[in-house]
Amino acid sequence: MPPSARPFPRFIADAAQEGEPTGRFAERLTEEFRNACEPLAGDAGSTVDPQTIRWFPERGWGGRVYVPATAQAGEPSVPVDSPADSEPVLVEFYGWVSFVRADSEDEPSDFRASADFTDVTAEDSPDWQVDLSDDVIGPWRSEAGRGGDVTLVWGLPLVRGAVAATAELDGEVVDQTPIRDGRFTLIAVDAVTGFGDSDAFLTVRLWDRKLGQVASESLYDEGE
């Protein structure tokens, strides 16, 4: 085949190797995520409730394993940036914990975590089909100044029948994963520049067992 005019990276992430965290490992991940959420408590108006943490399937990239998470605040609050007449809401914390996977003799090491919060949640958005979170975890650089952002995406289907998720960049599938326990995680290059007149942004699509599309959501908000 001839060279591609759009050499986007495809399927750059390792598939999940483990199930949902349990035992001491889950405790360590919880500790790391709580520590990442703690500095946000002032702006969020509440601390995170560790009992509500939901872990998403792990994915590996760049020598690290990423385990995304979401969790609710401990109590309703009015975030700092909200309008003065806002009612208290139960904000949602979201983020990830990453580490270097253990080999046959060592324990997982070099833990890192990132977190943020939002007061816009699926519970208050009945028109949503997918509850998505995302975070840039690294750069991708190509020739002539072209490039994009390696992006971790995790989500919850809000429609029935979804069994697989794909990340699509300008009409091309660049990552895919089964949906496990109603959750999925993708890693793909987003916000790609230099290949055409406009930038290319990821679209997440959900599929049923007959490969019919049941939901679609772009990471790019055209209103921004």
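Pull up segment 90-117, narrow it to residues that are out of contact with any Pro (no Cβ under 9 Å at 6 or more places or on another chain), modelled with pLDDT of 90 or more and among the hydroxyl-bearing types (S, T, Y), then point me to the one that is farthest from V204 (Cα to Cα). Can you show your working first?
Going residue by residue through segment 90-117, those that are out of contact with any Pro (no Cβ under 9 Å at 6 or more places or on another chain) are 92-93, 98, 103-114, 116.
Next cut, modelled with pLDDT of 90 or more only: 92-93, 98, 108-114, 116.
Remaining after also requiring among the hydroxyl-bearing types (S, T, Y): 98, 109, 114.
On the way: S98: 22, S109: 31, S114: 22 Å.
This residue is S109.
Looking at E27, is it of a type in the set (D, E) and either at pLDDT 95 or above or closer than 30 Å to G145 by Cα (or both)?
Numbers: of a type in the set (D, E): yes; either at pLDDT 95 or above or closer than 30 Å to G145 by Cα (or both): yes.
It is true that E27 is of a type in the set (D, E) and either at pLDDT 95 or above or closer than 30 Å to G145 by Cα (or both).
If only one of D124, D131 is in contact with a strand residue (DSSP E or B) (Cβ under 7 Å, 6 or more places away or on another chain), free of Cβ contacts under 8 Å to residues at least 60 places away in the same chain and either under 17 Å from G62 (Cα atoms) or acidic (D, E) (or both), which one is it?
Values: D124 fails: in contact with a strand residue (DSSP E or B) (Cβ under 7 Å, 6 or more places away or on another chain).
Unique residue meeting the criteria: D131.
Check every one of the strands (runs of 3 or more DSSP E) wholly within segment 51-162 and list those with 1 or more residues that are polar (S, T, N, Q) and surrounded by fewer than 17 Cβ atoms within 10 Å (Cβ to Cβ). Before the answer, list the steps.
Details: elements: 59-61, 64-72, 92-100, 109-118, 130-141, 147-157.
Once the strands (runs of 3 or more DSSP E) in segment 51-162 are filtered for at least 1 residues that are polar (S, T, N, Q) and surrounded by fewer than 17 Cβ atoms within 10 Å (Cβ to Cβ), what remains is 109-118.
Considering each of R28, R34 in turn, give the residue that is in contact with a strand residue (DSSP E or B) (Cβ under 9 Å, 6 or more places away or on another chain), surrounded by 14 or more Cβ atoms within 10 Å (Cβ to Cβ) and touching a residue at least 60 places away in the same chain (Cβ under 8 Å). Reasoning before the result, please.
On the way: R34 fails: touching a residue at least 60 places away in the same chain (Cβ under 8 Å).
Among R28, R34, only R28 is in contact with a strand residue (DSSP E or B) (Cβ under 9 Å, 6 or more places away or on another chain), surrounded by 14 or more Cβ atoms within 10 Å (Cβ to Cβ) and touching a residue at least 60 places away in the same chain (Cβ under 8 Å).
What is the residue count in segment 180-224 for residues that are surrounded by fewer than 19 Cβ atoms within 10 Å (Cβ to Cβ) and among the β-branched types (V, I, T)?
Within segment 180-224, residues that are surrounded by fewer than 19 Cβ atoms within 10 Å (Cβ to Cβ) and among the β-branched types (V, I, T) number 3.
The values are calculated or read from the model by the stated rules, or taken from the named source; none is laboratory data. Remember, it's a predicted structure, so these values are computed and weren't measured experimentally. No Cβ is skipped: glycine too gets one built from the backbone with ideal geometry, and neighbour counts run over all protein chains shown.
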